[in-house]
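Take a look at the structure below.
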Amino acid sequence: QVQLVESGGGLVQPGGSLRLSCAASGPTIRFNAMGWYRQAPGKQRELVASITSGFSTNYADSVKGRFTISRDNAKNTVYLQMSSLKPEDTAVYYCNTAPTDRFYWGQGTQVTVSS
């Protein structure tokens, strides 16, 4: 079974940048479409970015133009480059298969955007 470990979160000021990583252990994820999800306090988890096995990407309107998803199949890792961060981006960020989750969820990584 694939295990997912997210990292790279932290506290950043509005307008700042962060790069999140999602390292998968176990079977390769190269044939799976993968996505980054986020869950803010009191809200449902939402898919914000996805990348197919063929490297096609898709973004939620709320992050389009600011976030970039990528993957390195040799490292079995998916990334999320976030820039021009806003306070409303504050959430716990997770990765999983997309558009529906099929792996066990990792612990996520907290992103807090605040001055």
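Counting only protein heavy atoms and a 1.4 Å probe, the chain has 52 square angstrom of accessible area per residue. Excluding same-chain neighbours fewer than eight residues apart, the lysines reachable from LYS86 by a Cα-Cα span under 20 Å are LYS43, LYS64. For LEU47, the solvent-accessible surface computed with a 1.4 Å probe is close to 60 Å², ligands and nucleic acids excluded. Fraction of C-alpha pairs exceeding 25 angstrom in the chain: 14 percent, rounded to a whole number.
Could you work out the local net charge near VAL12, counting Lys and Arg as +1, Asp and Glu as -1, over the other residues with Cβ closer than 15 Å to its Cβ?
Once positives and negatives cancel, what remains is +2.
For the chain, leaving out every one of the chymotrypsin sites (Phe, Trp or Tyr not before Pro) that falls in a DSSP loop and has at most 16 other Cβ atoms within 10 Å, the longest unbroken run is 56-103. Remark on region 20-85: Rg and Dmax equal 12.2, 37 Å (Cα only). Straight-line reach from LYS75: taking Cα to Cα under 20 Å and skipping same-chain neighbours fewer than 8 places apart, the aspartates and glutamates in range are GLU6. Normalising the average separation of contacting C-alpha pairs (under 8 angstrom, six or more residues apart) by the number of residues puts the relative contact order of region 14-115 at 34 percent.
Applying the criteria of a DSSP loop state and at most 10 other Cβ atoms within 10 Å to the trypsin sites (Lys or Arg not before Pro) of region 18-82 yields LYS43.
Within the chain, what whole-number % of the accessible surface is contributed by carbon and sulfur, with the 1.4 Å probe and all protein chains included in the calculation? After summing per-atom areas, the C and S share lands at 49 percent.
The values are calculated or read from the model by the stated rules, or taken from the named source; none is laboratory data. Since this is a predicted model, take the numbers as computed values, not measurements. For neighbour counting, all protein chains shown are included, and Cβ atoms are generated from backbone atoms with ideal geometry for every residue, glycine included. With ligands, DNA and RNA removed, areas are computed over all heavy atoms of the protein, side chains included. Shrake-Rupley method; radii C 1.70, N 1.55, O 1.52, S 1.80 Å.
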